[in-house]
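Throughout, read-outs are computed from the coordinates displayed, never taken from laboratory work. The model shown is predicted, which means the values in this text are computed figures rather than measured ones. As a convention, Cβ positions derive from the backbone with ideal geometry for all residues, glycine included, and neighbour counts pool all protein chains shown.
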Amino acid sequence: MKTDFNQIINTIIKKVIELVKKYIRVILIGVLCMGVILSIFSIINYRHSKSLKDKIIKKCNDDTEIIIHMSDFTGFEWDKCIVYGPSTQTKDICDAFDINYNTYLDLNYGIIFLNNNDVTYEEFFKVSDHDFTNKIPEFIIYPYRQNESTQVKYASFEKNEAEFKCIKKDSDNGYYYRLYPIN
């Protein structure tokens, strides 16, 4: 009888050990899969990181006026940026900077980053939304200094000179941000 009892106990212990081994494998495979999934999401998130505008607004959000360096917000190689206003035509940019650029600018403010005269990144800042509920544009980078002529259509800045004064202002619809070059 004692032998039967020992056999039963041994059988139970073997079954428990087999189950534990099986579940450890399942848990390890699950952890490995979660790691792979998290890595994929990290890569996707890195590639589609926040816009330049969002990064600058986040930095300027706590201050009413701050000096920023454009290179602090870019995760790519560039040696020059071009800032332009809504009256700028694509041809103006191509002729002035001798670059191959074919994006239609369409009454926007914007910034173009170049590396060895090749466009590496561009971002547009709309003057207003489509239904005109927000009459004050949320974010604009001007090509001219704060108290200078507004007739300047575009300007370029070398990477080490791309410094801007970011001014945060209050409106009925929240805050809006204006950037002016300081160099």
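Output the pairs from Lys91/Lys153; Lys53/Lys168; Lys50/Lys153; Lys126/Lys153 with a Cα-Cα distance over 20 Å in this structure; if there are none, say none.
In this structure, Lys50/Lys153 lie more than 20 Å apart at Cα.
Which helices of the chain meet both criteria: a Cα extent of 27 Å or more along the helical axis and a mean Kyte-Doolittle score no lower than 0.5, with helices taken as whole DSSP H segments?
Taking the DSSP H segments of the chain (at least 27 Å long, mean hydropathy at least 0.5), we get 2-47.
Would you mind putting 7-15, 116-124 in packing order, based on average other-beta-carbon counts within 10 Å, highest first?
Taking the mean over residues of other Cβ atoms within 10 Å, the ranking is 116-124, 7-15.
Using a 10 Å cut-off around each Cβ, can you sort Ile24, Ile93 from fewest to most neighbouring Cβ atoms?
Going from least to most buried by this count: Ile24, Ile93.
Could you work out the helix-only [θ] at 222 nm for the chain, with each DSSP H run of four or more residues adding -39,500 (n - 2.57) and the total divided by the number of residues, to the nearest 500 deg cm²/dmol?
After summing the helix terms and dividing by the residues of the chain, the value is -12000 deg cm²/dmol.
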